[in-house]
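Read through the structure below, which is laid out as structure tokens, and then see the notes.
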Amino acid sequence: MSIGILAYGSLITDPGKEIGDMTQQIIRDVVTPFCVEYARKSRTRNGAPTLTPVSCELGGKVKGVIFMMKETVDEQTAMDMLYRREIHNVGTNKGYNTQSPGEIRIECVKNFLGVDTVLYTVIKPNFEEILNMSISPQQKAALLAEAAINSLNQKTYSAGTDGISYLNNNIQNGITTPLTDPYREEILRRANHASDLMAARTYFASQKGLA
């Protein structure tokens with residue numbers, strides 16, 4: 001049975017050692033079978049907005065990749081590796097509990113693009129304003145930009161785990177949601193109309209005394 005792990009965010013460029021070591025092939029330019037949006041504030045990224053599956057009324061399908069697992073990897077092992085990567089415990093013996101998954105759930109889609117089982121992560125959205133359909137895209141973009149800028153501190157700046165870096169990496173990987181463009185433009189505007197996101201990041205880091 002073929003098993004793949006679908007990445008639609010930071011997992012694309014940073015799958016972690018376990019998933020990386022067990023990958024025999026990467027299928028690129030995959031369109032997710034679900035919609036995503038910047039609807040979660042990540043604690044490990046100091047509140048930066050991150051992508052998570054939402055209803056297609058709120059988000060959009062995006063480009064991703066599938067990490068095809070080696071034949072020796074069974075479904076439970078793949079789930080365990082994906083779970084450990086999401087909780088930043090790569091290399092430990094922590095496993096995914098299918099009976100009591102908690103905040104981080106691992107879902108699967110069967111027979112997707114010729115792959116028997118494709119696993120992906122679902123983390124509950126917690127950025128309530130982004131889920132509110134009565135708030136305009138421009139208002140949501142302002143909230144996203146504020147959260148991304150506020151996520152910049154010494155730790156996230158040094159590690160590149162702030163919201164601006166996360167957004168920039170996603171754009172570089174061809175990931176575009178309905179809010180991506182207004183979100184990006186709002187950050188650039190607040191950075192004195194910076195030329196690009198990384199220039200904006202440097203601008204805000206300098207203001208905060210980080211650079």
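When we screen 161, 156, 202 for residues that are more than 23 Å from residue 60 (Cα to Cα), of a type in the set (Ser, Thr, Tyr), out of contact with any helix residue (DSSP H, G or I) (no Cβ under 8 Å at 6 or more places or on another chain) and not assigned by TED's automatic domain parsing to the domain that holds residue 56, the only hit is 202. Screening segment 121-130 for residues that are surrounded by 13 or more Cβ atoms within 10 Å (Cβ to Cβ) and not β-branched (Val, Ile, Thr) and picking the one that is farthest from the chain's Cα centre (by Cα) gives 129. Confirm whether residue 96 is hydroxyl-bearing (Ser, Thr, Tyr), modelled with pLDDT under 95 and surrounded by 14 or more Cβ atoms within 10 Å (Cβ to Cβ). The answer is yes for residue 96. Residues of segment 171-185 that are assigned to a helix (DSSP H, G or I) and either farther than 27 Å from residue 135 by Cβ or in contact with a Leu (Cβ under 7 Å, 6 or more places away or on another chain) (or both): 172, 183, 184.
Exactly one residue among 110, 41 is in a strand (DSSP E or B), surrounded by 14 or more Cβ atoms within 10 Å (Cβ to Cβ) and among the basic types (Lys, Arg), and that residue is 41.
Counting the residues of segment 52-85 that are buried (at least 16 other Cβ atoms within 10 Å of the Cβ) and touching a residue at least 60 places away in the same chain (Cβ under 8 Å) gives 20. Against the condition at pLDDT 95 or above and over 15 Å from the mean Cα position of the chain (by Cα), how does residue 165 come out, does it pass? Taking the combined requirement at face value, the residue does not satisfy it. Considering segment 131-171, the residues that are touching a Lys or Arg at 6+ places or on another chain (Cβ under 8 Å) and of a type in the set (Gly, Ala, Ser) include one that is surrounded by the most Cβ atoms within 10 Å (Cβ to Cβ), namely 163.
A quick yes/no check of all residues on (1) among the β-branched types (Val, Ile, Thr); (2) without any contact (Cβ under 8 Å) to a residue 24 or more places away in the chain:
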position	(1), (2)
87	yes, yes
94	no, yes
116	no, no
119	no, no
122	yes, no
129	no, yes
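Look at (1) in contact with a helix residue (DSSP H, G or I) (Cβ under 9 Å, 6 or more places away or on another chain); (2) surrounded by fewer than 20 Cβ atoms within 10 Å (Cβ to Cβ); (3) under 26 Å from residue 7 (Cβ atoms) and you find that residue 174 fails only one, number (1).
The values are calculated or read from the model by the stated rules, or taken from the named source; none is laboratory data. The structure displayed is predicted, hence computed values, not measured ones. Cβ: placed from backbone, ideal geometry, glycine included. Neighbour counts: every protein chain shown.
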